[in-house]
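Okay, so here's the structure we're looking at.
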Amino acid sequence: MLNILGRRNSSNVQKVLWACDELHLSYEREDIGGSFGRNHSAKYLAMNPNGTVPTLIDNGRALWESNAIVRYLCESREAHGLLPQDVWSIALAQQWMDWQQTILAPAIRPLFWNLIRTSPQNQDLEAISAGRNNTEAALRILDDHLSRHRYVAGEHFSFGDIPVGVMAYRWFNLDIQRAAPGLRRQRHDDHHLEPTGAMFNLFGNERKAKRLNKDALTIIRSDEVAYLPVHLKACATMVGEYLATFLLATPKTKTSPGSPIWLKERHRDARRRRDQIQLTAATLSIIYLRARELGQLGAPVCEIIDNAMERWAGDPDASPEVLPDPTQASYSLAPK
Ligand SMILES: N[C@@H](CCC(=O)N[C@@H](CS)C(=O)NCC(=O)O)C(=O)O
């Protein structure tokens with residue numbers, strides 16, 4: 001089991017969490033650093049003498065420096081494809097990781113620190129203004145690169161996108177004026193503010209939809225191999241109940257952002273009890289609701305789940321080729 005030491009509101013910890021998520025790695029995390037402290041205890045300093053977060057513990061060994069951790073995770077689990085395929089693309093990915101540490105992070109740090117971590121009466125307005133200009137100048141470089149390449153190392157998402165993606169996400173969520181059009185946010189729908197311009201791919205809705213698609217397919221395929229039809233049927237029934245409960249509780253005119261708390265609790269409870277059927281049902285329902293929020297982009301994900309649930313809900317003894325009538329899906333919420 002991997003252990004990540006570090007508070008989740010640290011951008012450097014977020015890189016590691018994002019990488020674990022991409023690689024489908026399970027881990028345990030401990031809140032350390034910032035208001036949680038403990039990063040200067042003798043025990044912590046023995047693992048990371050800098051007293052910074054994150055630190056990764058893998059098999060009793062400690063690794064620090066967030067970008068090195070991201071690379072290590074990707075390289076040691078290379079089957080998952082976050083590693084660029086050729087030496088030049090690997091060098092490009094590393095170039096942008098170093099650039100994030102040496103150019104982008106120092107530019108945005110005073111801006112973030114003053115706006116988010118400092119009370120309004122103590123904010124340094126000059127530092128805010130300089131930080132905004134410096135960050136914008138740096139992000140123009142990234143934006144220009146991404147207007148010619150889909151991701152930092154070329155056409156495919158790689159480990160090199162994670163550090164700059166975390167920083168760009170931070171930038172788009174600050175309540176500031178932005179001069180360059182590509183570095184502004186635009187209202188995507190009722191709930192989401194999305195970056196415009198070339199950086200969209202790093203963490204925009206298109207990418208979210210792709211990930212949800214991949215996650216849904218992975219879960220469905222592996223459960224179809226691992227479980228008996230009777231278990232799959234129980235799971236489909238649960239998904240139907242979860243989604244119906246959500247529908248009943250949510251006015252037709254409104255899609256509320258995020259999954260409801262009770263559903264996340266079902267997910268946590270299933271993990272605690274190691275109830276794989278409930279875990280799959282809660283996970284697929286969460287994926288479904290997230291995809292539904294993405295409108296047309298998420299519709300194929302909803303369709304994949306709808307189809308699988310119809311298949312699973314069929315007679316456990318029936319041949320897998322005999323699929324129930326798709327028009328009978330009573331819980332379907334897929335955006336049309
Ligand atoms: N270059 C290091 C920087 C680590 C760093 O400065 N982390 C900050 C949080 S983003 C930290 O530990 N701050 C002290 C604290 O959280 O108490 C890395 O990328 O891991």
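Hey, with R₀ at 25 Å, roughly what FRET efficiency would HIS40 and ALA62 work out to, going by the Cβ-Cβ distance, to 0.05?
For R0 = 25 Å, the calculated efficiency reads 0.95.
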Inverse mean reciprocal Cα-Cα distance (Kirkwood Rh) of region 2-76, Å: 12.1 Å
Approximate spin-label separation ASN50-GLN95, in nm, with each point projected 7 Å along Cα-to-Cβ: 2.4 nm
Cα-centred dipole magnitude for region 203-322, charges only on beta-carbon of K, R (+1) and D, E (-1), debye, nearest 20: 740 debye
Lys/Arg +1, Asp/Glu -1 at C-beta; region 1-107 dipole; positive extreme among TRP18, SER89, TRP64: TRP64
Region 1-149: C-alpha gyration tensor shape, a/c 1.5 cut-off, then a/b vs b/c: oblate
Gain upon complete extension [ILE116, ARG268; 0.36 nm per residue less C-alpha separation]: 51.7 nm
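Set the Förster distance to 45 Å, then compute FRET efficiency between VAL230 and LEU2 from the Cβ-Cβ distance, nearest 0.05. Don't skip to the answer; put the middle values down first.
Values: r = 34 Å, r/R0 = 0.76.
Once rounded, the FRET efficiency stands at 0.85.
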Karplus (6.51, -1.76, 1.60) ³J(HN,Hα), θ = phi - 60°, over region 107-115, in Hz, Gly and Pro reported as x: 6, 7, 4, x, 5, 5, 4, 6, 6
Formal net charge of residues neighbouring HIS149 (Cβ-Cβ distance under 14 Å; K, R +1; D, E -1): -2
In sequence order, calculated HN-Hα J values of region 289-303 (Karplus, 6.51, -1.76, 1.60; Hz; x Gly/Pro): 5, 5, 5, 4, 5, 7, x, 4, 4, x, 4, x, 5, 4, 5
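Set the Förster radius R0 to 25 Å, insert the Cβ-Cβ distance between GLU75 and ARG221 as r into 1/(1 + (r/R0)^6), and round the FRET efficiency to 0.05. Kindly include the intermediate steps, with their values, before the conclusion.
Working: r = 26 Å, r/R0 = 1.02.
Calculated value: 0.45.
All of the numbers you see were taken from the coordinates with simple rules; none came from a lab. Remember, it's a predicted structure, so these values are computed and weren't measured experimentally. Positions of Cβ are backbone-derived with ideal geometry, glycine not excepted, and every protein chain shown enters the neighbour counts.
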